[in-house]
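A quick write-up on the structure given underneath.
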Number of protein chains: 2
Amino acid sequence: MIRVGIVGYGNLAKGVEAALMHTSDMKLEAVFTRRDPATVAIKTSGVPVCPYDSLADYKDKIDVIVNCGGSATDLPVTTPQIAQNFNVIDSFDTHANITSHFANSDEASKKGNKISIISVGWDPGLFSLARVYMNAVLPNGQDYTFWGRGVSQGHSDAIRRIEGVEDARQYTVPVESAVRSVRAGEMPNLSVRDKHTRECYVVAKDGADKKKIEEQIKTMPNYFADYDTTVTFITKEEMAANHSGLPHGGSVIRSGFTGFAGDTPQTVEFSLKLGSNPEFTGSVLIAYARAAYRLSLSGECGCRTVFDIAPALLCEQSAAQLRAHLL
Amino acid sequence: MIRVGIVGYGNLAKGVEAALMHTSDMKLEAVFTRRDPATVAIKTSGVPVCPYDSLADYKDKIDVIVNCGGSATDLPVTTPQIAQNFNVIDSFDTHANITSHFANSDEASKKGNKISIISVGWDPGLFSLARVYMNAVLPNGQDYTFWGRGVSQGHSDAIRRIEGVEDARQYTVPVESAVRSVRAGEMPNLSVRDKHTRECYVVAKDGADKKKIEEQIKTMPNYFADYDTTVTFITKEEMAANHSGLPHGGSVIRSGFTGFAGDTPQTVEFSLKLGSNPEFTGSVLIAYARAAYRLSLSGECGCRTVFDIAPALLCEQSAAQLRAHLL
């Protein structure tokens, strides 16, 4: 059994914990938190919740850590910290800083003779893989990524910071006509506005100026100003009843041309329809945790991304079983 | 420049030759044929067509061979032959014999200190990869493979062998309602007949008994008897005008469940819409030829499948470029 530790215990960590229950070769060994462990109730019975500061005590009791911290301030610090003593996986998703996060994690993992795999999930993660496979086989082409329909946590949080807002949920929605055109291999030129719309559901505080809230959302730079955005005010009860889930999904589509004349159209698509974003992301993290452990067992060390991991390392089944049943 | 040799010069080999024209790090060095080389006119100027028996003379002039023979009788013999002197890729697709073909190629490649990668293409190939990734992240689920709409060469050939048939083209067509149900995550139980229909276009010889031909097609065991099959007689001119291409495609869809209660639905889909089956397959072969060369350079040897190849090895770009632009 591969012994797994989880750092943090938010939605993603719960997704990782649940994913472990669907494997038969991995088990949860401990959860580590910066909160008071007594206040953190996990689902797996008989597994301790420990203070983050005690992590090093588990050096010989845990085979791989799944680091479920946030990308903004947590992971850049904790993944390299953890990497000195453990194999570690994270879901770092700040695209602009991947190069430095990779370098820091690589240095730490090599120091500790361990494996780290960063930026694991679905985007970055499975969508990145789709882009690489598609680019490899169709170098003469163009790819498109559509996200949604799904809840964007970052955009929901941005709305919540507006004065007078009590709660908010933002859905990113791909523009259907754009998806249809890309799927048909038309390779359209699409602006940011052409690809996605943003639907906002907002619970306003009593007496708040709804008109002003709506204007502040729609004109917010980076988050909403470049999109067709709709704002719908709802009650707290409607929010709880209709918007409590965290669905997501999307598609990576690449169209390209092959042949001597370079005019034979070819289209490849990878798409996800997720009932729960954190549960799916947690499941991806667990598959890569298995791979990290196996790589480490075989004597490798340093930082990796999904691009560096042979797919056979992700599955419980042996390479021979995969060849016999899935090839 | 990676120097590539092609063995055979049918449709697939032409797809490989065309794919090489869309790369900037690989070039065609020679084509090898069992036919009289003087009768084989290739598209790339300045490249020799040589007798297959002279292959060994190119041992130090070619970095990787793409073996474009047929799976039935060619590849089981020639891939292990070639593997003793060259890195070699093939598209072996007789699922039942993959284990022995792998073992034979592995032994030969190890003897020659070379890399072979077998069963490369889209099914087996990219579809197999999709199945492995999906199984790894959604162990609690079920996957479905739909093929088409596309030309099946094997089924077309089977019709051509019937007395009175001059030419034939068979399209495999997924049943739309079945695809829709699977995509919706309904995880239906589907028989062979529920998943695909078979459309046959047949040119009959003068005076042939069309009724008898139609009956022989529809009752042919393995090929057609288990399917809803339609037979349409057309003229030679209609065949040339409307059925000269080799389009294909299909989808791998896996639906599964995550979460503590195992009841959160998740659906993943990988799909292809191919203007030309052999050109696309050729493009996949070329990406894996690049990987074989790189693995060999790094000192590895033996047989591999797509499951064993890290995606970063497939692209012209460096690992750092991929991390910066596609992660």
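The values are calculated or read from the model by the stated rules, or taken from the named source; none is laboratory data. Quick caveat, the model's predicted, so the values are computed rather than measured. Counting neighbours? That spans all protein chains shown, and the Cβs are built from the backbone with ideal geometry, glycine included. Just the protein is used for accessible areas: all its heavy atoms, side chains included, with ligands, DNA and RNA removed. Shrake-Rupley method; radii C 1.70, N 1.55, O 1.52, S 1.80 Å.
Give the residues of the stretch B:277-295 that are open to solvent by 30 Å² or more (accessible area, probe 1.4 Å) and either more than 7 Å from chain A (Cβ to nearest Cβ) or modelled with pLDDT under 95 (or both), sorted by residue number. So that I can check it myself, show each step before the final result.
If we filter the stretch B:277-295 for residues that are open to solvent by 30 Å² or more (accessible area, probe 1.4 Å), which is where we start, we get B:277, B:279, B:293-294.
Matches in the stretch B:277-295: B:ASN277, B:TYR293, B:ARG294.
Each row is one residue, and each column tells you yes or no for (1) surrounded by fewer than 13 Cβ atoms within 10 Å (Cβ to Cβ); (2) of a type in the set (Val, Ile, Thr); (3) free of Cβ contacts under 8 Å to residues at least 24 places away in the same chain.
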site	(1), (2), (3)
A:VAL165	no, yes, no
A:TYR201	no, no, no
A:ILE213	no, yes, no
A:HIS243	no, no, no
A:GLY256	no, no, no
A:ASP263	yes, no, yes
A:GLU269	no, no, no
Inset, instruction - Out of the residues in the stretch B:1-24 that are among the hydrophobic types (A, V, I, L, M, F, W, C) and assigned to a helix (DSSP H, G or I), state the one that is most open to solvent (accessible area, probe 1.4 Å). - result: B:MET21
Legend entry - Failed condition for A:ILE42, given (1) more than 26 Å from A:GLU29 (Cα to Cα); (2) within 12 Å of chain B (Cβ to nearest Cβ); (3) of a type in the set (A, V, I, L, M): (1)
Inset, instruction - Output the number of the condition that A:SER318 fails; it satisfies all remaining conditions of (1) more than 30 Å from A:PRO174 (Cα to Cα); (2) polar (S, T, N, Q); (3) within 9 Å of chain B (Cβ to nearest Cβ). - result: (3)
Inset, instruction - Could you look through the stretch B:296-311, keep only residues that are polar (S, T, N, Q) and either free of Cβ contacts under 8 Å to residues at least 40 places away in the same chain or open to solvent by less than 10 Å² (accessible area, probe 1.4 Å) (or both), and pick out the one that is nearest to B:ASN113 (Cα to Cα)? - result: B:SER298
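Filter the stretch B:54-83 for residues that are of a type in the set (A, V, I, L, M, F, W, C), without any contact (Cβ under 8 Å) to a residue 60 or more places away in the chain and farther than 14 Å from B:LEU285 by Cβ and give the result. Give the derivation first.
Pass one, the stretch B:54-83, residues of a type in the set (A, V, I, L, M, F, W, C): B:55-56, B:62, B:64-66, B:68, B:72, B:75, B:77, B:82-83.
From the residues that got through so far, the ones that are without any contact (Cβ under 8 Å) to a residue 60 or more places away in the chain too are B:55-56, B:62, B:72, B:75, B:77.
If the condition is that a residue be of a type in the set (A, V, I, L, M, F, W, C), without any contact (Cβ under 8 Å) to a residue 60 or more places away in the chain and farther than 14 Å from B:LEU285 by Cβ, then B:LEU55, B:ALA56, B:ILE62, B:ALA72, B:VAL77 are the ones that fit.
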Inset, instruction - Name the residue, out of B:LEU274, B:LEU190, that is at pLDDT 95 or above, surrounded by fewer than 18 Cβ atoms within 10 Å (Cβ to Cβ) and not polar (S, T, N, Q). - result: B:LEU190
Inset, instruction - Any residue in the stretch B:20-37 that's in contact (Cβ under 8 Å) with a residue 40 or more places away in the chain and within 14 Å of chain A (Cβ to nearest Cβ): show its pairings with residues that are in a strand (DSSP E or B) and open to solvent by 50 Å² or more (accessible area, probe 1.4 Å) at Cβ separation under 7 Å, as long as the two are six or more apart or on different chains. - result: B:LEU20/B:LYS27
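Considering A:ASP226, A:ASP206, which residue is assigned to a loop (DSSP other than H, G, I, E, B), in contact (Cβ under 8 Å) with a residue 24 or more places away in the chain and open to solvent by 30 Å² or more (accessible area, probe 1.4 Å)?
Numbers: A:ASP206 fails: in contact (Cβ under 8 Å) with a residue 24 or more places away in the chain.
Among A:ASP226, A:ASP206, only A:ASP226 is assigned to a loop (DSSP other than H, G, I, E, B), in contact (Cβ under 8 Å) with a residue 24 or more places away in the chain and open to solvent by 30 Å² or more (accessible area, probe 1.4 Å).
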Inset, instruction - Quickly run through the stretch A:254-275 and pick out the residues that are at the interface with chain B (Cβ under 7 Å from one of its Cβ atoms) and either in contact with a helix residue (DSSP H, G or I) (Cβ under 6 Å, 6 or more places away or on another chain) or basic (Lys, Arg) (or both). - result: A:THR258, A:GLY259, A:PHE260, A:THR264, A:GLN266, A:VAL268, A:PHE270, A:LYS273, A:LEU274
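Scan the stretch B:167-190 for residues that are over 30 Å from B:LYS210 (Cβ atoms) and among the polar types (S, T, N, Q) and report the count. Don't jump to the end; show me each part of the working.
Filtering the stretch B:167-190 for residues over 30 Å from B:LYS210 (Cβ atoms) gives B:177-190.
Now narrow it down to the ones that are among the polar types (S, T, N, Q): B:177, B:181, B:189.
Within the stretch B:167-190, residues that are over 30 Å from B:LYS210 (Cβ atoms) and among the polar types (S, T, N, Q) number 3.
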Inset, instruction - State which residue is nearest to the other protein chains (Cβ to nearest Cβ) when the search covers only the stretch B:90-146 and only residues that are free of Cβ contacts under 8 Å to residues at least 24 places away in the same chain and of a type in the set (Val, Ile, Thr). - result: B:THR99
Legend entry - Check on B:PHE92, of a type outside the set (D, E, K, R), within 17 Å of the chain's Cα centre (by Cα) and within 30 Å of A:ILE286 (Cβ to Cβ): no
Legend entry - All positions within the stretch B:149-163 that are closer than 15 Å to B:THR219 by Cβ and open to solvent by 10 Å² or more (accessible area, probe 1.4 Å): B:HIS155, B:ARG161, B:ILE162, B:GLU163
